[in-house]
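The values are calculated or read from the model by the stated rules, or taken from the named source; none is laboratory data. Not measured: the values here are computed from a predicted model. Please note: Cβ atoms are built from the backbone with ideal geometry, for glycine as well, and neighbour counts cover all protein chains shown.
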């Protein structure tokens, strides 16, 4: 949990190439894309899950760091 105790932990995405897409997906009965960002090599995005965001899809080569560990994409 984060410092406020609400469970909205932060995670970090670092692009390993130009054009990495970070796509936020909504909560609710119908999952939809609601936000996209494009990162270039070396750019870092700090994000968190919210009342509106239930999942994040990442396209491209990136490193994702969470409290659970580090994930390195293979695309």
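Below are the figures for this structure:
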item	result
Neighbours by Cβ (under 6 Å, 6+ apart or cross-chain): first from the range 63-75, within 15 Å of residue 44 (Cβ to Cβ); second loosely packed, with under 12 Cβ neighbours inside 10 Å	63/72
Per-region count, the range 22-42, residues closer than 16 Å to residue 72 by Cα, more than 11 Å from the chain's Cα centre (by Cα) and surrounded by 15 or more Cβ atoms within 10 Å (Cβ to Cβ)	1
Whichever residue in the range 5-16 is in contact with a strand residue (DSSP E or B) (Cβ under 9 Å, 6 or more places away or on another chain) and not in a strand (DSSP E or B) and, among such residues, is modelled with the lowest pLDDT	8
Candidate set: the range 43-55, residues that are at pLDDT 90 or above and surrounded by 14 or more Cβ atoms within 10 Å (Cβ to Cβ); chosen: the one nearest to residue 68 (Cα to Cα)	47
